[in-house]
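Participant: If you scroll down you'll find the structure; I have some questions about it.
The values are calculated or read from the model by the stated rules, or taken from the named source; none is laboratory data. None of the values given here were measured: they were computed from a predicted structure. Neighbour counts are summed over all protein chains in view; Cβ atoms, including those assigned to glycine, are modelled from backbone coordinates with ideal geometry. Surface accessibility is based on the protein's heavy atoms, side chains included, excluding ligands, DNA and RNA. Shrake-Rupley method; radii C 1.70, N 1.55, O 1.52, S 1.80 Å.
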Amino acid sequence: MRYYLALPLLFLASLTAIHPARAAEEEAEKPQKRIICDRKGNYPVALAEDSREGWVDLRFTMKADGGFTDVEVISAFGEPYFAETAQKAMSTCRYEHPELIAPAGQEARNLRTRYYFRLEPPSKGSTETVYVRLKEAQRLLKEGQVDAAEAALLRVEKNSRNLYEFSHLMIMRAAVAVARGNSSLALSYLDGISENKRFIEKREFSQLLRMRLSLELREGHYVDAQRTADEMAEKSPRDGDEKLLAGLADLKKLVTSGRPFRVIGQIPVNCHPAFCEPDKPEWSYAPYNRTVSLADIQGQLDEVNLRCDKKTMTAKAEAGITWTIPKSWGQCEVHVLGKPGTKFTLIDETL
């Protein structure tokens with residue numbers, strides 16, 4: 001018997017990810033961007049019965065001929081061998097029509113995908129053990145027992161086996177992060193779990209989008225919030241959408257006013273390895289304007305990475321230095337690395 005979970009509502013008042021071995025089936029709606037791989041990353045036969053599902057997040061460069069290079073692991077969740085297996089498999093992949101990713105004859109940098117390891121048959125639903133323990137964590141969190149709720153989630157993770165259970169586990173971790181006052185970390189979890197939408201129910205994903213938008217507005221991430229709102233618009237409206245969209249309109253006025261827009265950032269503390277590289281936790285932001293700088297650094301920052309469609313730049317993270325991103329670099333994200341817990345302000349402006 002399978003059990004289905006309601007998403008926590010505690011803080012309401014994240015390239016299509018594919019498993020290359022199933023590319024033709026799962027990318028049927030977007031055949032023009034189909035990824036073809038010569039090698040598949042599968043479970044060792046001897047371990048299949050005892051294995052659990054999981055994923056690996058990868059970053060790579062698409063060469064002019066569509067092939068992949070510079071494949072690197074960003075984070076991984078599941079069995080220890082997933083990361084290396086996925087990295088090797090993705091190095092044999094290519095886009096069937098690279099001209100739809102970048103202009104003919106040009107490469108595209110900083111592309112991302114999620115490589116899934118799945119057991120057959122796939123399952124949307126939870127075992128009774130995981131269901132009971134997740135409900136226990138929800139109850140504890142609702143009662144304000146945050147430490148006890150987090151301990152319950154640790155027990156849940158040991159029993160979880162499929163992508164449905166893992167997704168709900170990480171959504172609950174996001175709720176714990178909010179309860180601890182760390183909305184930035186919670187947003188990282190929700191953004192990452194959003195890529196697993198094929199493995200949870202449609203109604204659950206619809207609710208997750210609204211959770212994500214609420215946090216994006218709270219954190220001042222306008223570009224991401226607009227993308228989330230666009231995705232919500234493709235689905236049926238729900239109660240409360242008017243308030244969220246009004247908040248988005250207010251945030252847009254601030255970002256597009258022509259005045260410097262300030263965003264508070266924090267390097268994640270105790271970020272789960274499913275979404276953070278353990279030795280290099282980072283905070284990310286998609287700027288609306290083309291000039292960014294740092295201020296009010298409280299702690300230790302190490303470096304700033306500008307990851308764009310056509311260029312990657314790394315600089316020392318210092319207050320008072322501005323970086324203006326050329327339009328020729330394409331769309332970009334700012335990644336700030338440093339000591340966990342370090343707080344700072346990012347200024348997004350046009351000079």
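Participant: Name, by its number, the condition in (1) in a loop (DSSP other than H, G, I, E, B); (2) modelled with pLDDT under 85 that does not hold for ALA24.
Facilitator: Exception for ALA24: condition (1).
Participant: Can you tell me which residue within region 250-271, out of those that are in a loop (DSSP other than H, G, I, E, B), out of contact with any Gly (no Cβ under 6 Å at 6 or more places or on another chain) and closer than 18 Å to HIS335 by Cβ, is most open to solvent (accessible area, probe 1.4 Å)?
Facilitator: Among those residues, the one meeting the criterion is CYS271.
Participant: I would also like to ask the following. Restricting attention to region 334-351, and to residues there that are within 22 Å of the chain's Cα centre (by Cα) and open to solvent by 60 Å² or more (accessible area, probe 1.4 Å), which single residue is farthest from HIS221 (Cα to Cα)?
Facilitator: LYS339
Participant: Name the residue, out of PHE275, PHE261, that is of a type in the set (Phe, Trp, Tyr) and under 30 Å from ALA151 (Cα atoms).
Facilitator: PHE275
Participant: To continue, here is another question. What's the total number of residues in region 277-294 that are surrounded by 14 or more Cβ atoms within 10 Å (Cβ to Cβ), of a type outside the set (Ser, Thr, Tyr) and within 23 Å of ILE74 (Cβ to Cβ)?
Facilitator: So the count comes out to 8.
Participant: While we're on this one: Within region 295-305, does at least one residue satisfy the condition of being surrounded by 16 or more Cβ atoms within 10 Å (Cβ to Cβ), small (Gly, Ala, Ser) and more than 18 Å from the chain's Cα centre (by Cα)?
Facilitator: no
Participant: Which one of GLY78, GLY41 is open to solvent by less than 60 Å² (accessible area, probe 1.4 Å) and at pLDDT below 85?
Facilitator: GLY41 is the lone residue from the list that is open to solvent by less than 60 Å² (accessible area, probe 1.4 Å) and at pLDDT below 85.
Participant: Of these, GLU277, GLU216, GLU242, which one is charged (D, E, K, R) and in contact with an Asp or Glu (Cβ under 7 Å, 6 or more places away or on another chain)?
Facilitator: GLU216
Participant: Let me ask something else about it. Being open to solvent by less than 10 Å² (accessible area, probe 1.4 Å) and in a helix (DSSP H, G or I) is the filter here; which residues of region 81-95 pass it?
Facilitator: PHE82, ALA86, ALA89, MET90
Participant: Check ASP279 against each of (1) modelled with pLDDT of 90 or more; (2) of a type in the set (Asp, Glu); (3) under 28 Å from ARG59 (Cβ atoms) and name the one condition it does not meet.
Facilitator: Only one criterion in (1) modelled with pLDDT of 90 or more; (2) of a type in the set (Asp, Glu); (3) under 28 Å from ARG59 (Cβ atoms) is unmet by ASP279, namely (1).
Participant: What helices (runs of 4 or more DSSP H) lie completely within region 126-224 and have 2 or more residues being among the basic types (Lys, Arg) and open to solvent by less than 40 Å² (accessible area, probe 1.4 Å)?
Facilitator: Where helices (runs of 4 or more DSSP H) fall fully within region 126-224 and carry at least 2 residues being among the basic types (Lys, Arg) and open to solvent by less than 40 Å² (accessible area, probe 1.4 Å), they are 202-219.
Participant: Filtering region 98-125 down to residues that are hydrophobic (A, V, I, L, M, F, W, C), open to solvent by less than 50 Å² (accessible area, probe 1.4 Å) and not in a loop (DSSP other than H, G, I, E, B), which residue is nearest to GLU79 (Cα to Cα)?
Facilitator: The residue in question is PHE117.
Participant: Taking into account only those residues within region 193-226 that are over 22 Å from HIS272 (Cα atoms) and among the hydroxyl-bearing types (Ser, Thr, Tyr), which is modelled with the lowest pLDDT?
Facilitator: SER206
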